[in-house]
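Asks: Below: one structure in structure tokens.
Where a number appears in this text, it was derived from the coordinates with a stated rule and is not lab data. Just so it is clear, the structure is predicted and the values come from calculations on it, not from any experiment. Quick reminder, even Gly has a Cβ in these numbers, built from the backbone with ideal geometry, and neighbours come from all protein chains shown.
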Amino acid sequence: MHTTSIPSEQLKIVIVGHVDHGKSTFVGRLFNDTGSLPEGKLEQLQKVAERRGVPFEWANLMDALQSERDQNITIDTSQIWFHTQKRQYVIIDAPGHKEFLKNMITGAANAEAALLLIDANEGVQENSRRHGYLLNLLGIRQIAVLVNKMDLENYSEERFQSIEKEYRIWLKSIGVEPKLFIPIAAKHGDNIASRSANMPWYKGATVLETLDEFKVTDLPLNQPLRFPIQDIYRFDDRRILAGRVEAGSIKVGDRLVFAPTNKSSTVKTIERWSAPSSESAWAGESIGITLTEQIFVERGAVAALETAPPYELTRFKARLFWLGKQPLRMGRPYKLKLATQEAECFVESIETIIDASTLNTVDRPGPDRHVARHEVGELTIRSKRPIAFDAHNEIVVTGRFVIVDGFEVSGGGIVVADNYPRRAADSADLGKNLYSSEGKISAQQRADRNGHQGRVIWLTGLSGSGKSTLARELERELFIQGKHAYVLDGDNIRQGLCKDLGFSHADRSENIRRVGEVSRLMADAGLICITAFVSPYRSDRELVRNLMKPGEFLEVHVDAPLKVCELRDPKGLYAKARANEIPDFTGISAPYEPPLHAEVVVRTDQLSVQESISKILEYLHMQDDDAPIFI
């Protein structure tokens, strides 16, 4: 190894390309031509090849695993160091074989620039296009394209220009402008560290010159603080929260909120390993902190200044590159990893499906809608508990995530900017001044006075299925029996409580959340609250169920085939939806997720109104054997 002083500046680059396009050979040659190999390493490998009776290959320098030699493919990401006079480089050697494409998410996620190899002989492949899309998705903008194995094409300028033209057009279509296309022959070192005599027609920079022209991305020092907690250590009586400052800065005395639990405390000390403590730390530093108030914080929490917290929600919009062997499907459980957080999640809706190699939109409607391998989904993800995140265009590290299917990382994506509600900067103080108010009248006392328990009877189904008709008739029947019942109808609610909401996925969910909170209060007051809402998403209905006490929520699926609902069309909505006058109409241009475990199902195409009402009342009577209130 050269003994000259090594520069302190550092740049992380990722090398990608289709299988067998020469990445390992290129990296091996790059190490040799920059004098970055340990002394005697090259001679050692040459002797090994000689003993085996095989020709020496530059790719062998990078063969960290024996299995790579057996399979002749690179199967894992590895970080490799070399340096020029200007700076140090960390090469994140990302695999190209599609069987190991998922590793590229990890490899490319930390890179600031990319070298993308294309075989001059084979030309642009599907993986070449997919890699370009993924690099763009991950926000890597500094890209140079290396057209390798030019020696197999007799160093043809025409062949090089043909590949450059084809790939440049495709990259432009996804918004990527590569810095340079460079013709190389990695095996012989052409245009890597020095210009090639075999290609006098090429007047551009070499690979090393291009790398040195890349810019080191400024650390996100001026962004809001994001300090994901990796571990908690106990030393003596101290509890140290350890992690890496991913954005912004932190100093002693800062008042922190730990998302998504919203617990707050003040920084008492900042600790460093093998270094004295200090008063502050910045993005890129791995540190530990102690707090003045000993609150309970777990791995996965994201520390932020109280004045600039992240979003803390159970739903966000995303753009996801899917690499799993099994398709990504709505409603199926997955594991979400974002920063140091892990949470169960599922895909709530899939808005758009894109073929990453052609950029064509994939038409896959109906119940089998899914994102297949090597496709990109623009979708909505819901987690089972709140997640702390930022939009990717705001703060990268907390705007990027991976999805685990079973035990394998199967997809990677970014959080798309949207009109997310953000926790108010003073909400922690507000929360300290809010207290639950308990009345002096118990639920049992109300039941004794009213002659029945408070309940929520939630009618869900397509428009035209008969929800409102059944709700009003059920209300009349209960009123005749002397029960205190009231109907919350979708149209009435939208004219008042929810008149500020539209019909987007997010607005529909917020509409149901508000109705759920109101119906919970009505049930707590001892009323029988009957709701008549399409409420198309299972997750929203489950959220309302979880607001209630056990046995307080009754889900009734008012089931009628779409054709029957369209024939009824009491409000003329289906006709307008078919004429594209109503966007996102459930059953036509937006999905309806029928209940999987409804307490009662009434087929209104087979039962009369009275038969349907009797079925609901019969279920209620069975639930109240101790105090039958529905007779």
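Asks: Can you spot the lysines whose alpha carbon is less than 19 Å from residue 483's alpha carbon? Ignore those fewer than 8 places along the same chain.
Replies: By straight Cα distance, residue 483 reaches 615.
Asks: Mind ordering 376-385, 292-301 by average Cβ neighbours within 10 Å, highest first? Let's see the in-between values first.
Replies: Numbers: 376-385: 20.4, 292-301: 15.1.
Going from most to least packed, we get 376-385, 292-301.
Asks: Also, quick follow-up: Report the charge-dipole magnitude of the chain in Debye, nearest 20, computed about the Cα centre from +1 at each Lys and Arg Cβ and -1 at each Asp and Glu Cβ. Kindly include the intermediate steps, with their values, before the conclusion.
Replies: Numbers: 79 positive and 86 negative charges, 100 e Å.
Dipole magnitude for the chain comes out near 480 debye.
Asks: Which lysines, on any chain, are close to residue 576 with Cα under 16 Å apart, when same-chain ones fewer than 8 places away are left out?
Replies: 563
Asks: From the alpha carbon gyration tensor of the range 172-287, can you work out the equivalent ellipsoid semi-axes (sqrt of 5 times each eigenvalue) and give them in Å, largest to smallest?
Replies: On the way: eigenvalues 456, 59, 29 Å².
Listed largest to smallest, the semi-axes of the range 172-287 are 48, 17, 12 Å.
Asks: When a footprinting reagent is the concern and you count Cβ atoms within 10 Å, what order do 346, 160 take, fewest first? Walk me through the numbers on the way to the answer.
Replies: Details: 346 17, 160 21.
Ascending Cβ contact count within 10 Å gives the list 346, 160.
Asks: Among 172/215; 263/317; 317/337; 47/149; 215/337, which pairs are too far apart, with a Cα-Cα distance over 23 Å? All intermediate terms of the calculation are to be shown ahead of the outcome.
Replies: On the way: 172/215 21 Å; 263/317 26 Å; 317/337 15 Å; 47/149 25 Å; 215/337 29 Å.
Exceeds cut-off: 263/317; 47/149; 215/337.
Asks: Nearest 5 is fine: what % of DSSP beta bridges in the chain come out antiparallel, could you say? Don't jump to the answer; show the numbers that get you there.
Replies: Working: 78 of 122 bridges.
In the chain, DSSP labels about 65 percent of beta bridges as antiparallel.
Asks: Simple spin-label model, 7 Å along Cα-to-Cβ: residue 47 to residue 359 in nm?
Replies: Going from the residue 47 label point to the residue 359 one covers 5.4 nm.
Asks: Any idea what Rg and Dmax come out to for the range 227-305 if you just take the C-alpha atoms, in Å?
Replies: 11.1, 32
Asks: May I ask you to derive the FRET efficiency for residue 547 and residue 121 from their Cβ-Cβ distance with R0 = 51 Å, giving the value to the nearest 0.05?
Replies: Working: r = 63 Å, r/R0 = 1.24.
Here the calculated transfer efficiency is 0.20.
Asks: Can you give me the angle between helix 538-547 and the longest principal axis of the chain, using Cα atoms only, in degrees from 0 to 90, rounded to the nearest 10?
Replies: For helix 538-547, the angle is close to 60 degrees.
Asks: How far apart, in nm, are two points set 7 Å out from the Cα along the Cα-to-Cβ line at residue 373 and at residue 168?
Replies: My value for the distance between the label points is 3.5 nm.
Asks: If you don't mind, another one. If the label point is 7 Å along Cα→Cβ of residue 582, which residues in the range 510-553 have backbone nitrogen under 18 Å from it?
Replies: 511-512, 532-537
Asks: Against the longest principal axis of the chain, how steep is helix 126-137, in degrees 0 to 90 to the nearest 10, with axes from Cα atoms?
Replies: In the chain, helix 126-137 runs at an angle near 70 degrees to the longest axis.
Asks: Separation between the residue 179 and residue 621 pseudo-spin-labels, each 7 Å from Cα along Cα→Cβ, expressed in nm?
Replies: Roughly 7.9 nm, to one decimal.
Asks: Another question about this same structure. Express in nm, to one decimal, how much length is gained between residue 608 and residue 213 on full extension, taking 0.36 nm for each residue of separation and deducting their alpha carbon distance. Let's see the in-between values first.
Replies: On the way: separation 395, 0.36 × 395 = 142.20 nm, distance 7.65 nm.
My answer for the length gained is 134.5 nm.
Asks: Relative to the longest principal Cα axis of the chain, at what angle does helix 609-623 sit, 0 to 90 degrees, rounded to 10?
Replies: Once rounded, one gets 80 degrees.
Asks: Okay, moving on. Could you calculate the contour length gain from residue 503 to residue 255, that is, 0.36 nm times the residue separation minus the distance between their Cα atoms, to one decimal place in nm? Could the numbers behind the result be given before it?
Replies: On the way: separation 248, 0.36 × 248 = 89.28 nm, distance 3.91 nm.
Length gained between residue 503 and residue 255: 85.4 nm.
Asks: Okay, moving on. I'd like the per residue volume of the convex hull spanned by the Cα atoms of the range 452-609, given in cubic angstrom.
Replies: On the way: hull volume 17.4 nm³, N = 158.
Looking at the range 452-609, the number lands at 110 Å³ per residue.
Asks: While we're on this one: Any chance you could run the full-extension gain for residue 599 through residue 571? It's 0.36 nm times the residue separation minus the Cα-Cα distance, nm to one decimal.
Replies: Details: separation 28, 0.36 × 28 = 10.08 nm, distance 2.83 nm.
Result for the pair: 7.3 nm of gain on full extension.
Asks: Net charge near residue 508, counting Lys/Arg +1 and Asp/Glu -1 over other residues with Cβ under 9 Å of its Cβ?
Replies: Values: positive: none; negative: 507, 510, 540, 584.
Counting the neighbours of residue 508, the net charge comes to -4.
Asks: Grab the other residues whose beta carbon is less than 11 angstrom from that of residue 529, score K and R as +1, D and E as -1, and report the net.
Replies: Numbers: positive: 455, 520; negative: 475, 524, 552.
So the surrounding residues net to -1.
Asks: Let me have the relative contact order for the chain, percent, based on Cα pairs under 8 Å that are six or more residues apart. Please list the in-between numbers first.
Replies: Values: 1252 pairs, mean separation 53.3, N = 631.
Answer for the chain is 8 percent.
Asks: Please give me the summed charge of the neighbours of residue 153: other residues whose Cβ is under 10 Å from its Cβ, Lys and Arg +1, Asp and Glu -1. Mind dumping the intermediate values first?
Replies: Working: positive: 149, 159; negative: 119, 151, 157, 158.
Local charge sum for residue 153: -2.
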